[in-house]
Amino acid sequence: MDVNEGTRWRAEVFISLRPGVNDPQGLAVRDGLRRLGYTEVEDVRVGRYVQMWLRAPDRKTAEERVGLMCDQLLANPVVEQYRFSLEPA
Amino acid sequence: MDVNEGTRWRAEVFISLRPGVNDPQGLAVRDGLRRLGYTEVEDVRVGRYVQMWLRAPDRKTAEERVGLMCDQLLANPVVEQYRFSLEPA
Amino acid sequence: MRFAVVTFPGSNGDHDALMAIRLGLGHAAELVWYTETDLSRFDCIIIPGGFSYGDYLRAGALARFAPVMSAVAREAEAGKPILGICNGFQILTEARLLPGALLRNASLEFVCDWVWVRVEQTRTPWTSQLAPGTLLRLPIAHGEGRYYVEAEELVALETNGQVVFRYVDADGLPTADANPNGSVANIAGVCNERGNVVGLMPHPERAYDRFVGGDDGLRILASVLSVGLEVAHSPR
Amino acid sequence: MPIVPEILREVALTEEEYARAVALLGREPNLIELGMIGALWSEHCGYKHSRPLLRKLPTSGPHVVQGPGENAGAVELGDGLVVVLKIESHNHPSAVEPFQGAATGVGGIVRDIFAMGARPIALADSLRFGPLEEPRQQYLFHGVVGGIGWYGNCLGIPTVAGDVFFAPEYRQNPLVNAMCVGIAERSALIRARATGPGNLVVLVGADTGRDGIHGATFASVEDPERSHRGVVQVGNPFLEKLLLEACLEVLETGAVVAMQDLGAAGLTSASAEIAARGGTGIELDVALVPRRETGMTPYEVMLSESQERMLLVVDPEGIDRVLAIFRRWELHAVVIGRVTDDGLLRVLEDGQVVAELPVWLLTDACPTYVREAREAGEIRERRAFDPDALPDLQPAEVAEMLAALLRSPNIASRRPIYRTYDHTILTNTVLPPGAADAAVLRIKGQRFGIALKTDCNPRYCLLDPRLGTMHAVAEAARNVSCVGAEPLAITDCLNFGNPERPEIYYQLVQAIEGMAEACTVLGIPVVSGNVSLYNETEGRSIPPTPVVGIVGRLADVRRCVGMGFRGEGKVFLLGSE
Ligand SMILES: Nc1ncnc2c1ncn2[C@@H]1O[C@H](COP(=O)(O)OP(=O)(O)O)[C@@H](O)[C@H]1O
């Protein structure tokens, strides 16, 4: 695919640990917030937020490609799940 | 604040490096994607995605509290910026 | 000199700091628990390396709120010498007792090695006994040591004399190859405006004995003793 | 609920094994009991195929303080100190999630060392991957090396030695073996033996989740993807650091009778093992176990493999002091049961008995198998190959060939690996990785020091498992000798394919016999070890990989030698011809 072809899209990918997977970082942040007085916090999960700028002829193609990238590289399905959004950039 | 008081909210916090701050991880992901054949990817930035579940009487309070948590702990303003969304959970 | 070495949950360089002071310097030092709220009985404070609170979120982000940090801030205000090593440096920047921030290494990898650093500033108690330009061989061991400040602030740091250590090659030149983590301007350590609070990524406390790699770190730790002498000699 | 073949497959028991369990128990086990039996009778926990063979290894010697059978082995160093050592595999988890798999492997082996009351002072790692040119192998390599570094660096235990080898047969089955070495006062060593009925059973550390349920069976079947399992474990080295410091501190109260880490098969295995060693029984209530998740069944609690947990047996007199120390370290510590004198492992839920099994049935009644051993014809053919038949290099080719050799990942510098491991922390590292054939550590305040290394050349072991394993022992011994140390003891990790196949069982038998012979001849006892079988995918096995971890003693650590020439002088070559 030609890099300069098509519309420019910005994808935002939200990767989080699958439910049930231990999240020590989330626990540490939750406890930290509570110690600071934010006792209303019940749970915290920490994941990754990936922004990507890419070219694709249309939304459908862009969606397909980003999905593939997530499956192949960005998330490890054994422990992680993801969702993403797309907008013209 | 009583932990069991008020509505339960889910906050999604998106933390990213401020523009201008070098993001070697983003570059590494971009290069990795390109090597896998995703040559349409122009740029990648990697940040943090924090999900929180908390109690608050109303949206305004929840917004205020989450904003404070971000300023105080979740993001380091020297290098990071954040935005967040809220929904009843 | 009465040395305090602060232990946070997850500190792992506290013991080495203690050994360096006791075995290397022949001075007494005491481990101080992170819940301590009064450090006034000490003459200087070391915030050691490690992974306080697992370095979760950002290195130093959670430790900064430990009870002992209010006491550290108070002693900093009082002008006592404070040294943050590695994770201690990260904690002090998160606490805004030192400028800037420490980001993930440009290589994205943890790096353990011996490096050369050049002493850029001798107005701090931790470098007062060293000649400007002195080269020191010190170990590094960190994953988040890329020092960052914005361009304008960098200028301010340089003009205020707040850059204390720089990564250099064996000839003393701050080359790109000598920079192990991508820090701006090869900065390995900085101080606050007043100069009493110093933070650095290399580990002087692991370099107190030639038998295990070198003893250049002792020159930093020994410098602070001169402050002790001044305190002792100053009229009450 | 009738026990159908699907359920047996789930817990990895054969019909014969199930019949044996029923006969020994005198009744049908319920589902919880079945799960517990399945886990402890798995290859991973029960050593079904290796137990009869391992008896051949020499395990005693004048310096041995603790041989195999406890959390780790221990050998005398002098001046009242012992060195504690153990190696363990985390191959299967690392194949699925390389970073966390390797990280939790380090976590497990470190717990084994401080469970003995020793302070861990060094780590070593032995790694095997497929060809590094392939993207998938790079992913595995970076994940594994990253995970080992993350966990060890965070704990503040230097990783000072190891070995790594790349070969196509490891593509689907990378090997991740981690070794830990600790130091203790001989008098302060603690054993994992639940003695004294009435003593309290304390669980401390992480809350229990649905992590790695059936991890033990998962490591004992050929196709883990197909077998049922819970979620992959995620390590928390920060919590482990607190656990390590707190566990060493509670030992000073004198109130701790036994300590055991929770590894494969979690609470089931830990409680059964300490009761078996103590000749007692244990009663515990799963409702008292702190959970990370809601709605967990007793089955899940008993088989969870959540990391960073320890089981302690504590004298009721000292329980307050023990719990206070754990509180100071901000650790959850809960009394979940007590030691009994009836030889039963009794599991309650809110006071109601939900499972009750004789301890011996879990730990000693596991069937063992002696299989048919037959060498594969293909290997015989390979061995017949005559290297002398190869044409000599032409002078013009030599430089290029040398460069090609040096470029090979099996020969090139290991610096990219050990540079990411903290090897200077604790300020004991006299000869760091890369400086010598083995790492050398001092022990502060002592004249003597220790050397350590891991070794195994899988090519030799493939061609001749017996000679190859003897070679691995000899190489490890040579490596510590080269720095000036006398080999003291070995810990071994036997990584093989599916032992139910005659050609694999042959390799296992031969390797163990070779190890026994080499260790006997050299006078080096094997004081601990680990067996990892079923390292194969679709019938393609790894080469036999009996990794040898060794510890040596230098009488005067100041007289150690590295491998660089030290200034001008003469060069001596030792050996014949
Ligand atoms: N996975 C590893 N982790 C840490 N150190 C390693 C690893 N692999 C090799 N090393 C170190 O690199 C050096 C060379 O290792 P190796 O090639 O196995 O040596 P040798 O061929 O002499 O047995 C040694 O110091 C060894 O401890």
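The values are calculated or read from the model by the stated rules, or taken from the named source; none is laboratory data. Note that the structure is predicted; figures quoted are calculated from it, not measured. When we count neighbours, we look across all protein chains shown, and the Cβ atoms used for this are built from the backbone with ideal geometry, even at glycine. Side chains included, ligands, DNA and RNA excluded: accessible areas come from the protein's heavy atoms. Shrake-Rupley method; radii C 1.70, N 1.55, O 1.52, S 1.80 Å.
Could you tell me which of the residues A:ARG59, A:ARG55, A:ARG18 is among the basic types (Lys, Arg), within 12 Å of chain D (Cβ to nearest Cβ), farther than 22 Å from C:ALA59 by Cα and open to solvent by 10 Å² or more (accessible area, probe 1.4 Å)? Spell out the reasoning first.
On the way: A:ARG59 fails: within 12 Å of chain D (Cβ to nearest Cβ); A:ARG55 fails: within 12 Å of chain D (Cβ to nearest Cβ).
From the options A:ARG59, A:ARG55, A:ARG18, the qualifying one is A:ARG18.
Counting only residues that are open to solvent by less than 40 Å² (accessible area, probe 1.4 Å) and away from chain C (no Cβ under 14 Å), the stretch D:411-435 holds 1 of them.
Here is a yes/no grid of residues against (1) within 14 Å of another protein chain (Cβ to nearest Cβ); (2) within 16 Å of the ligand (Cβ to nearest atom); (3) not β-branched (Val, Ile, Thr):
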position: D:GLU70; (1), (2), (3): no, no, yes
position: D:GLY78; (1), (2), (3): no, no, yes
position: D:SER89; (1), (2), (3): no, yes, yes
position: D:GLN100; (1), (2), (3): yes, no, yes
position: D:ILE113; (1), (2), (3): no, no, no
position: D:LEU155; (1), (2), (3): yes, yes, yes
position: D:ASP163; (1), (2), (3): no, yes, yes
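So which of D:GLY205, D:GLY235, D:GLY215 ends up being open to solvent by less than 10 Å² (accessible area, probe 1.4 Å) and at pLDDT below 95?
On the way: D:GLY205 fails: at pLDDT below 95; D:GLY215 fails: open to solvent by less than 10 Å² (accessible area, probe 1.4 Å).
D:GLY235 is the lone residue from the list that is open to solvent by less than 10 Å² (accessible area, probe 1.4 Å) and at pLDDT below 95.
Based on what the data block shows, is B:ARG34 in contact (Cβ under 8 Å) with a residue 40 or more places away in the chain, out of contact with any His (no Cβ under 7 Å at 6 or more places or on another chain), open to solvent by 20 Å² or more (accessible area, probe 1.4 Å) and more than 8 Å from chain A (Cβ to nearest Cβ)? When the stated conditions are applied, B:ARG34 does not pass them. In this structure, D:ALA265 does not qualify as touching a strand residue (DSSP E or B) at 6+ places or on another chain (Cβ under 6 Å) and over 25 Å from C:SER52 (Cα atoms).
The single residue among D:VAL527, D:VAL547, D:VAL531, D:VAL480 that is within 16 Å of the ligand (Cβ to nearest atom), part of a strand (DSSP E or B) and either in contact with a Pro (Cβ under 7 Å, 6 or more places away or on another chain) or within 19 Å of D:TYR170 (Cα to Cα) (or both) turns out to be D:VAL547. Checking the stretch C:39-50 against the condition returns a match, with at least one residue being under 23 Å from C:ILE140 (Cα atoms) and within 9 Å of another protein chain (Cβ to nearest Cβ). Does the stretch D:440-459 contain any residue that is among the aliphatic types (A, V, I, L, M) and in contact with a His (Cβ under 9 Å, 6 or more places away or on another chain)? No, the stretch D:440-459 contains no residue that is among the aliphatic types (A, V, I, L, M) and in contact with a His (Cβ under 9 Å, 6 or more places away or on another chain).
Listed by position, the helices (runs of 4 or more DSSP H) inside the stretch D:286-404 whose residues that are within 14 Å of chain C (Cβ to nearest Cβ) number at least 2 are D:319-328. Please verify whether the stretch C:87-109 includes one or more residues that are on the phi > 0 side of the Ramachandran plot, within 8 Å of another protein chain (Cβ to nearest Cβ) and surrounded by fewer than 22 Cβ atoms within 10 Å (Cβ to Cβ). Yes, the conditions are met somewhere in the stretch C:87-109. You will find that of D:ASP350, D:ASP315, D:ASP342, D:ASP364, the residue that is among the charged types (D, E, K, R) and surrounded by 16 or more Cβ atoms within 10 Å (Cβ to Cβ) is D:ASP315 and no other. Taking the stretch D:62-161 as the region of interest, the helices (runs of 4 or more DSSP H) fully inside it that hold 2 or more residues being without any contact (Cβ under 8 Å) to a residue 24 or more places away in the chain and surrounded by fewer than 24 Cβ atoms within 10 Å (Cβ to Cβ) are D:135-155. The residue list D:ARG419, D:ARG414, D:ARG442 contains one member that is more than 10 Å from the ligand (Cβ to nearest atom) and either on the phi > 0 side of the Ramachandran plot or not aromatic (Phe, Trp, Tyr) (or both), which is D:ARG442.
For the stretch C:9-25, a tally of residues being more than 8 Å from chain D (Cβ to nearest Cβ) and out of contact with any strand residue (DSSP E or B) (no Cβ under 7 Å at 6 or more places or on another chain) returns 1. In this structure, D:GLY468 does not qualify as more than 30 Å from C:ASP16 (Cα to Cα), open to solvent by less than 10 Å² (accessible area, probe 1.4 Å) and part of a loop (DSSP other than H, G, I, E, B).
Picking from D:GLN446, D:GLN507, which residue would you name as being in contact with a Leu (Cβ under 9 Å, 6 or more places away or on another chain), under 25 Å from D:VAL531 (Cβ atoms) and open to solvent by 10 Å² or more (accessible area, probe 1.4 Å)? Give the steps one after another, and end with the answer.
On the way: D:GLN446 fails: under 25 Å from D:VAL531 (Cβ atoms).
Exactly one residue qualifies, and that residue is D:GLN507.
Do we find that D:PHE496 is more than 9 Å from the ligand (Cβ to nearest atom), farther than 22 Å from D:ASN177 by Cα and open to solvent by less than 20 Å² (accessible area, probe 1.4 Å) in this structure? So D:PHE496 fails the test.
Here is a check on your reading of the model: is D:GLU475 within 20 Å of D:GLU372 (Cβ to Cβ), in a helix (DSSP H, G or I) and modelled with pLDDT of 95 or more? The answer is no for D:GLU475. The set of residues in the stretch D:461-472 that are away from the ligand (no atom under 13 Å from the Cβ) and within 10 Å of D:GLY514 (Cβ to Cβ) comprises D:CYS461, D:ASP464, D:PRO465, D:ARG466, D:LEU467, D:GLY468, D:THR469, D:MET470. Only one of the numbered conditions (1) assigned to a loop (DSSP other than H, G, I, E, B); (2) near the ligand (Cβ under 9 Å from one of its atoms) is not met by D:LEU452, and that is (1). Of the residues making up the stretch A:37-52, just one is more than 14 Å from chain D (Cβ to nearest Cβ) and among the charged types (D, E, K, R), namely A:GLU40.
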